[in-house]
Amino acid sequence: MNLIGYLLMVSGWLLVLASLFLLAGLGERFAFVVAGLLVELLGLTLIALRYRSLQRGPE
Amino acid sequence: MTPDLCLVCILLIPLAATGLALIHQGLGRSRSAAHAMLATLCSLAIAAIVFVLIGSSWMGFSGGLAHTLHLAGKSIDWLGAEPLFATSLTSNLTHGLYPAFVLAFGIFAAGLASLIPISAGTDRWRLAAICATSALFAAIIFPLFAHWIWSNGWLTQLTPLFGLPAFADLGGAAVLNVLGGFAALSVAWILGPRQGKYADRIATAIPGHNIVQVLFGCILALIGWIGLDCAAAILFYRVTYTQILLTVINAVLSASAGCLAAVITTQLRYRKPDSSLSANGWIAGLVAGSAGCGLLSPLATIFIGLVAGALVSLLVETLELRLFIDDPGGAISVHLGAGLWGILAFGLFAPAPGPRSALILAQLIGIATLLGVMFPLIHVLHRLLNKLIPFRVDADGDWQGMDIRELGAGAYPEFVVHADEFVPR
């Protein structure tokens, strides 16, 4: 789960970078950058949840 | 640039480090106080040496040598290429005093950022691991991102590359605080909570041992932060004298608003103001206000400080109670949370040369880079380092305290120590 989290964070940034190179309109770029940020946050959330489940132990 | 003023501002920065050191040792246990202060000194010392030897080369300076990457017909400046060991200071004087000023600033800035994670690892992070982490931070992490923002790197070249405004961070909210905050989060995750913090899955309050020092540290941090904000704004944004004065005013206003917001928030939530959270609110205000210190209006700065102060109180609680992250000094909430808010707030409130959405977009690109490149890099490097030099002290040391365990003597030898404190529970 940690690895997926890292990959999602890097993927989100690549989405941001791709939008800068491939898109020209401000609105389109804005949408893709926000989408990239959301993917990154998803990755961070996965890592945080993994850590939390380790700390809490089995229910 | 006004060299004399810049030099005075740079000389004030160590007071910010002193303030942070007092805050994180005061918020830790008394049995780890000397360790926390020594760790701060070691961290500053190592960061200074490593930054001069290696980091300054990769940070570079605006107009200096740099590595570029050619991609889709665009030249992306991604890393400084100055000679190692700062040899260009004496051998190449074509740029005048500027490289020396950047180097002097970088020594203190790298040191200040590298000691932020100590706050999250208080009471359980080994001294050797702290030193190794500081070296890593000053050699790789700080110079890389500082180059992108302050040395004409790709994030400041968004206009020629992509037709967007440049990402701006006048006082180091991103370069120092968010990077330091991410390092703190990574360290807190690797170390895990202190023993007894989450007995039976319920968070136990472990209050700081010296709140007077914490509050005194806030005052020192204010003076240091004013120096930090002014020096960075003068060196990297060539602000005018009026903007330097505005920077001073804004630093005081943002800290005041942050502290008052935290006092009010804790009064409303707990019926009494919480002094440690209020101290965190003060620093959070400074952090959030530093992103746009010389360009924002005082009114906008007060609003930014108020949000930062309220945000930090909520974040501390969320991290501790919901995410099981034990951060004794509140470094993650203060430096990471308020830093990210400050960067975004610059896009919302700074004077925009074109459409407001373009400025916000530039700031979001910076945040995405911090989250998608810098945090994974920091966390992976920390995890590798943890394999070489284990971060966490052993179970006995956790209860004994870091002072006795690692230094052989306590910070307050005249205090009566209860025997049951050394019995593992």
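The values are calculated or read from the model by the stated rules, or taken from the named source; none is laboratory data. Everything numeric here is computed off the predicted structure, so don't read it as measured data. Positions of Cβ are backbone-derived with ideal geometry, glycine not excepted, and every protein chain shown enters the neighbour counts. What goes into the accessible areas is simple: the full protein's heavy atoms, side chains included, and nothing from ligands, DNA or RNA. Shrake-Rupley method; radii C 1.70, N 1.55, O 1.52, S 1.80 Å.
Worth a mention:
- Per residue, the convex hull volume that the Cα atoms of chain B enclose (Å³): 142 Å³
- Each Lys and Arg contributes +1 and each Asp and Glu -1, all at the Cβ; summed about the Cα centre of the protein assembly as shown, the dipole is approximately 600 debye.
- Hits among lysines - C-alpha to C-alpha of B:LYS272 under 27 Å, sequence gap 8 or more where chains match: B:LYS197
- Prolate/oblate/rounded label for segment B:83-187 (Cα gyration tensor, a/c 1.5): oblate
- Once the 1.4 Å probe is applied to the protein heavy atoms, the protein assembly as shown comes out at 39 Å² accessible per residue.
- Summed buried accessible surface, chains A and B, 1.4 Å probe, nearest 100 Å²: 2800 Å²
- Atom-type composition of the exposed protein surface of segment B:254-346 places 70 percent of the accessible area on carbon and sulfur (1.4 angstrom probe).
- Near the amide H of B:ASP77, within less than 5 Å, lie the amide hydrogens of B:LEU69, B:TRP154, all on another chain or at least 5 residues away, with H placed in the peptide plane.
- Dimensions (Å) - the protein assembly as shown, Cα atoms, principal axes, largest first: 67, 49, 45
- Chain B - mean residue ellipticity at 222 nm from DSSP helices (-39,500 (n - 2.57) per run, n ≥ 4, rounded to 500): -18500 deg cm²/dmol
- Two-decimal ratio, segment B:14-61, of alpha-carbon radius of gyration to 2.2 N^0.38 Å: 1.41
- Fraction of accessible area attributable to carbon and sulfur, segment B:26-158 (%, probe 1.4 Å): 72 percent
- Rule-of-thumb Rg ratio for chain A [Cα; 2.2 N^0.38 Å; N residues]: 1.41
- Contact with the other protein chains removes 50 Å² or more of accessible area, compared with the isolated chain and a 1.4 Å probe, from these residues of segment A:25-59: A:LEU26, A:ARG29, A:PHE30, A:LEU37, A:LEU44, A:TYR51, A:ARG52, A:GLN55, A:ARG56.
- Taking a ≥ b ≥ c as the square roots of the eigenvalues of the Cα gyration tensor, an a/c ratio of 1.5 or more together with a/b no larger than b/c marks segment B:296-374 as oblate.
- Rounded to the nearest 0.05, the FRET efficiency derived from the C-beta distance between B:HIS95 and B:SER297 at R0 = 35 Å is 0.55.
- Shielding of A:8-16 by partner chains, average beta-carbon count, 10 Å: 5
- Angle in degrees between helix B:127-136 and the longest Cα principal axis of chain B, rounded to the nearest 10: 10 degrees
- Looking at segment B:180-229, the pairs of alpha carbons with a distance over 16 Å make up 66% of the total.
- Both numbers refer to the Cα atoms of segment B:299-425; Rg and Dmax are 21.0, 66 Å.
- Using alpha-carbon coordinates, inclination of helix B:298-317 to the longest axis of chain B, degrees: 40 degrees
- Percent carbon-and-sulfur accessible area, chain A, ignoring ligands, DNA and RNA, probe 1.4 Å: 74 percent
- In terms of overall dimensions, segment B:1-101 has a Cα radius of gyration and Dmax of 18.3, 58 angstrom.
- Using the Stokes-Einstein relation with a Kirkwood hydrodynamic radius computed over Cα pairs, the translational diffusion coefficient of segment B:311-354 at 10 °C and a viscosity of 1.306 mPa s comes to 138 µm²/s.
- With Cα atoms defining each centre, segment B:1-58 and segment A:39-59 are spaced 32 Å apart in the structure.
- For chain B, B:CYS6, B:CYS42, B:CYS131, B:CYS218, B:CYS259, B:CYS293 stand unpaired, since no other cysteine beta carbon lies under 4.7 Å from theirs.
- Ordered from longest to shortest, the equivalent ellipsoid semi-axes for segment B:203-350 are 27, 15, 13 Å, each the square root of 5 times a Cα gyration tensor eigenvalue.
- In segment B:312-334, burial by the other protein chains removes 40 Å² or more of accessible area from B:LEU323, B:PHE324, compared with the chain on its own (1.4 Å probe, ligands and nucleic acids ignored).
- C-alpha long axis of helix A:26-56 to longest principal axis of chain A, angle in °: 10 degrees
- In terms of packing, defined here as the mean over residues of other Cβ atoms within 10 angstrom, the peptides B:142-153, A:42-53 line up highest first as B:142-153, A:42-53.
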